[in-house]
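First comes the structure, then the notes that go with it.
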Amino acid sequence: MPLFMSKYTNKVDQKGRVSVPAQFRAALPSGFQKSIVMVQAVNHNAIECCDLLYIEKLNDSLEGFAPYSDEHDEFSLALMSGLVELTFDGNGRIILPHELMEFAGITDYATFAGKGKTFQIWEPEAFARELEKARHKVKEKRGLLKFRIKQEDE
């Protein structure tokens, strides 16, 4: 499965249009390469992006909560109600929703940051600061990273 890797900074025009990196569009699963889904990131002032298959897995994970529990209601409301599906135009661009741009502090430029199965869109300076913090933390915690054996059904 292709992964979202690397980082790219692209210009955002007056209408909020931005080109999604070609490498990211190519990493979308076959049959799902016409759109992406985005939502406010939970842990950062950034936009979290993925494909529809990932959203299905996320929704399935909510089934771990009792159907009418506070946890189910909170997670499903916070995560699912904020989702926006955006289709690409003929040039591989999307129009970032104003609300999400405002949340992430994006104005003239947007940094696309790969996270494997997902990617995020950041205001470039905020991304640079967060990346520096993350690298520092990884250096401290590098012993926690271990390869795992993937099960057949994954």
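Read the figures in this text as sums done on the coordinates, not as results from a lab. Fair warning: this is a prediction, and the values are worked out from it, not measured in the lab. In this analysis, Cβ positions are derived from the backbone assuming ideal geometry, glycine residues included, and neighbour counts consider all displayed protein chains.
The magnitude of the dipole of the chain, with charges of +1 and -1 set on the Cβ of Lys/Arg and Asp/Glu and taken from the Cα centre, is near 1060 debye. Remark on Phe4: its backbone amide H falls under 5 Å from those of Lys115, Gly116, Lys117, Thr118, a criterion applied only to residues 5 or more positions apart or on other chains, H modelled at 1.01 Å from N. Placing +1 on each Lys and Arg Cβ and -1 on each Asp and Glu Cβ, with no other charges, gives region 1-79 a dipole about its Cα centre of roughly 840 debye. Residues in region 56-72 carry Karplus couplings, in order, of 4, 5, 4, 4, 4, 5, 5, 5, x, 8, 4, x, 10, 6, 4, 4, 4 Hz; the curve used is 6.51 cos²θ - 1.76 cosθ + 1.60 with θ = phi - 60°, and Gly or Pro positions show x. Give the separation of the Cα centroids, region 1-67 to region 102-127, in Å. Region 1-67 and region 102-127 have Cα centres separated by 11 Å.
Ordered by the count of other Cβ atoms within 10 Å of each Cβ, fewest first, His44, His98 give His98, His44.
Residues of region 73-101 with backbone nitrogen within less than 19 Å of a virtual label 7 Å along the Cα-to-Cβ line of Lys11, please, listed as ranges. Answer for region 73-101: 89-96. Model label sites at Lys146 and Ser81, defined 7 Å from Cα along the beta-carbon direction, differ in position by 4.0 nm. Using the Karplus relation 6.51 cos²θ - 1.76 cosθ + 1.60 with θ = phi - 60°, the per-residue 3J(HN,Hα) values for region 32-48 come to 10, 9, 9, 7, 10, 10, 9, 7, 4, 5, 6, 9, 8, 8, 8, 9, 8 Hz, with x marking Gly and Pro.
Lysine pair count for the chain with Cα-Cα distance under 22 Å and sequence separation of 8 or more or different chains is 29. Note that region 122-139 has calculated 3J(HN,Hα) couplings of 10, 5, x, 5, 5, 4, 4, 5, 5, 4, 4, 4, 5, 4, 5, 5, 5, 4 Hz, one per residue in order, obtained from phi through the Karplus relation 6.51 cos²θ - 1.76 cosθ + 1.60 (θ = phi - 60°); glycine and proline are x.
The largest-to-smallest principal axis extents of the Cα set in the chain are 44, 38, 32 Å.
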